[in-house]
Amino acid sequence: MAKLFFYYSTMNAGKSTSLLQAAHNYAERGMAALLFTARLDSRAAGKIASRIGIHAQAKLFDKETCFRPECLAVKPQCVLIDEAQFLTQSQVRELAQVVDEDNIPVMCYGLRTDFQGELFPGSAALLAWADTLSEIKTICHCGRKATMVVRVGPNGKVERFGQQIEVGGNERYVSLCRKHFSQAMASGALPG
């Protein structure tokens, strides 16, 4: 029986690596996986890339993408979605339909919260609709589990306001535990 999975974490926890490992496992068994990544993330357009150097081609999605027709045309054994926080609520419901009506497992990988500690719309919908929720863990500089992320401006200061979505990597985002996130947001500076 197919399920809708949501694998979530902060930045730099290995979400893309986990997705690529799942894709490899399907390919190794001669099974087709349909991979998607957000068009919004222009750093590696058309590729899902991991910080450890592995990558795979993927179809791009944006808020206009309809997933079910693609799935019915290709008939994959699974669907893997990177940057799932950028899905819309209606896309999450459509992916649930792919699972329930077409019996195709869908595995979504993404951030849970933004740099202000707020849920992304896609993440909120996945937290509500997914059959299985799984946290991919990473650590704060203090050794505790990192559950939050701050965005750092060009001046090295923690940004406390701004648009929810700004694409960036290690140069812009730092994963922190809740304690250090709260301190950074209060002071405007990275702790430690």
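No lab work stands behind these numbers, since they all come straight from the coordinates. None of these values were measured; they are calculated from a predicted model. Neighbour counts run over all protein chains shown; Cβ positions are idealised from the backbone, glycine included.
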Problem set entry | Loop-resident sites, segment 1-81, for GluC sites (Glu not before Pro), counting at most 13 other Cβ within 10 Å (DSSP) | E64
Exercise. Dividing the alpha-carbon radius of gyration of segment 68-174 by 2.2 N^0.38 Å (N being the number of residues), what value is obtained?
Worked result: 1.25
For this session: Would you compute the Debye intensity of segment 148-187 from its alpha-carbon atoms alone, equal scatterers and no solvent, and pass along log10 I(q)/I(0) at q = 0.16, 0.20, 0.22 Å⁻¹ to two decimals?
Result: -0.35, -0.56, -0.68
Exercise. Once the dipole of segment 4-135 is set up with Lys and Arg at +1 and Asp and Glu at -1 on Cβ about the Cα centre, which of S90, V79, A56 lies farthest towards its positive end?
Worked result: A56
Problem set entry | Descending principal axes extents, the chain, alpha-carbon based, whole Å | 51, 32, 28
For this session: Anything over 32 Å Cα to Cα? Flag those among K59/K179; K3/K179; K15/K157; K47/K137; K59/K157; K75/K145, in the order listed.
Result: K59/K179; K3/K179; K59/K157; K75/K145
Seminar exercise, completed: When the charge dipole of the chain is computed with +1 on Lys and Arg Cβ and -1 on Asp and Glu Cβ about the Cα centre, the Cα farthest towards its positive end, among T10, A124, A45, belongs to T10
Exercise. Which residues does a label at M31 reach in segment 57-96, if reach means a backbone N under 20 Å from a point 7 Å past the Cα toward the Cβ?
Worked result: 57-59, 68, 70-82, 95-96
Exercise. Please identify the trypsin sites (Lys or Arg not before Pro) of segment 1-73 that satisfy two criteria: DSSP loop assignment and at most 16 other Cβ atoms within 10 Å. Which are they?
Worked result: K3, R29, R51, K63
Problem set entry | 222 nm mean residue ellipticity, helices alone, for the chain (DSSP H n ≥ 4; -39,500 (n - 2.57); rounded to 500) | -8500 deg cm²/dmol
Exercise. Where both residues lie in the chain, what percent of DSSP beta bridges are antiparallel, nearest 5?
Worked result: 35
For this session: Check each of the GluC sites (Glu not before Pro) in segment 109-183 and keep only those in coil by DSSP with at most 15 other C-beta atoms within 10 angstrom; list them in order.
Result: E118, E166, E171
Seminar exercise, completed: So, relative contact order of segment 1-125 in percent, Cα under 8 Å, 6 or more apart, is 33
Exercise. Hey, quick one: spin label on Q77, modelled 7 Å out along Cα-Cβ, who in segment 1-37 has an amide N within reach, i.e. under 16 Å?
Worked result: 1-3, 20-35
Exercise. For segment 148-187, what is the relative contact order in percent, using Cα pairs closer than 8 Å and at least 6 residues apart in sequence?
Worked result: 55
